[in-house]
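Asks: The structure that follows is given in the form of structure tokens.
The values are calculated or read from the model by the stated rules, or taken from the named source; none is laboratory data. These numbers were taken from a predicted model, which means no experiment stands behind them. In this analysis, Cβ positions are derived from the backbone assuming ideal geometry, glycine residues included, and neighbour counts consider all displayed protein chains. Only protein heavy atoms, including side chains, enter the accessible area calculation; ligands, DNA and RNA are left aside. Shrake-Rupley method; radii C 1.70, N 1.55, O 1.52, S 1.80 Å.
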Amino acid sequence: MSQVIEYSEKVMDHFTNPRNVGEIENPSGVGTVGNAKCGDIMRIYLDIDENNIINDCKFKTFGCGAAVATSSMATEMIKGKSVEEALKLTNKAVQEALGGLPPVKIHCSLLAEEAVHAALWDFAQKKGISIEGLRPPVNDIDETEAFYETPGE
Ligand code: FES
């Protein structure tokens, strides 16, 4: 029997009316991550100014509704923020902003967090700078999922 998944109103809103869909030409940073288990892929583009502020942010997601909603929310949450602030964006914060996600969809929010980190990493590489706390991106978040699970959740 298939499982019925219930989404919050906010998830449905960001899924049916996603913000910041698209690409940025000559982005300051671009990050692509996927999850081999479900096959979903997310790409995030950043336009970062000389003060390290994210002026614009776009995404392209080939994946489930929760992946689209988390990409949309994550881009909204980092727009106008500094690189350092964007690095602090957690999948938990994205989930909370969306009014929660069903347990089987938690990994979709990890994709959003990782895609942002991957784009920041690309930006740092291009600029030849290092951003404290930023680690190299992974292509398949499925490999790192255990790492992200917060004890007690
Ligand atoms: Fe894998 Fe949503 S089902 S990202």
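Asks: State the number of residues belonging to segment 88-124 that are more than 18 Å from Ile53 (Cβ to Cβ) and either small (Gly, Ala, Ser) or free of Cβ contacts under 8 Å to residues at least 12 places away in the same chain (or both).
Replies: 10
Asks: Could you please find all residues in segment 52-87 being more than 16 Å from the ligand (Cβ to nearest atom), in contact (Cβ under 8 Å) with a residue 12 or more places away in the chain and not in a strand (DSSP E or B)?
Replies: Residues satisfying the conditions are Asn52, Glu76, Met77, Ile78, Lys79, Gly80, Lys81, Val83, Glu84, Ala86, Leu87.
Asks: Look through Thr75, Thr70, Thr90, Thr61 and report the one residue that is β-branched (Val, Ile, Thr), surrounded by fewer than 22 Cβ atoms within 10 Å (Cβ to Cβ) and either out of contact with any Phe, Trp or Tyr (no Cβ under 9 Å at 6 or more places or on another chain) or within 30 Å of Glu6 (Cα to Cα) (or both).
Replies: Thr90
Asks: Turning to a different aspect of this structure: Can you tell me how many residues within segment 93-105 are within 16 Å of the ligand (Cβ to nearest atom) and either charged (D, E, K, R) or part of a helix (DSSP H, G or I) (or both)?
Replies: 5
Asks: Quick check on this structure: which one of Asp47, Asp13 is open to solvent by 20 Å² or more (accessible area, probe 1.4 Å), in a strand (DSSP E or B) and either of a type in the set (Lys, Arg) or at pLDDT 95 or above (or both)?
Replies: Asp47 is the lone residue from the list that is open to solvent by 20 Å² or more (accessible area, probe 1.4 Å), in a strand (DSSP E or B) and either of a type in the set (Lys, Arg) or at pLDDT 95 or above (or both).
Asks: Do the conditions hold for Glu25, that is, is it without any contact (Cβ under 8 Å) to a residue 24 or more places away in the chain and either open to solvent by less than 60 Å² (accessible area, probe 1.4 Å) or of a type in the set (D, E, K, R) (or both)? Give the steps one after another, and end with the answer.
Replies: Numbers: without any contact (Cβ under 8 Å) to a residue 24 or more places away in the chain: yes; either open to solvent by less than 60 Å² (accessible area, probe 1.4 Å) or of a type in the set (D, E, K, R) (or both): yes.
For Glu25, the condition - without any contact (Cβ under 8 Å) to a residue 24 or more places away in the chain and either open to solvent by less than 60 Å² (accessible area, probe 1.4 Å) or of a type in the set (D, E, K, R) (or both) - is met.
Asks: Right, another one. Picking from Val21, Val83, Val68, which residue would you name as being of a type in the set (A, V, I, L, M, F, W, C) and under 26 Å from Ser130 (Cα atoms)? Quick ask: steps written out before the conclusion?
Replies: Numbers: Val21 fails: under 26 Å from Ser130 (Cα atoms); Val68 fails: under 26 Å from Ser130 (Cα atoms).
The match here is Val83.
Asks: Name every residue in segment 28-44 that is open to solvent by 20 Å² or more (accessible area, probe 1.4 Å), part of a strand (DSSP E or B) and either on the phi > 0 side of the Ramachandran plot or more than 10 Å from the ligand (Cβ to nearest atom) (or both), in order of residue number.
Replies: Val30, Thr32, Arg43 - these are the residues of segment 28-44 that are open to solvent by 20 Å² or more (accessible area, probe 1.4 Å), part of a strand (DSSP E or B) and either on the phi > 0 side of the Ramachandran plot or more than 10 Å from the ligand (Cβ to nearest atom) (or both).
Asks: If you don't mind, there's one more thing I want to ask. Taking Glu114 as meeting all but one of (1) in contact with a Ser or Thr (Cβ under 6 Å, 6 or more places away or on another chain); (2) buried (at least 17 other Cβ atoms within 10 Å of the Cβ), write down the number of the exception.
Replies: For Glu114, the failing item is (1).
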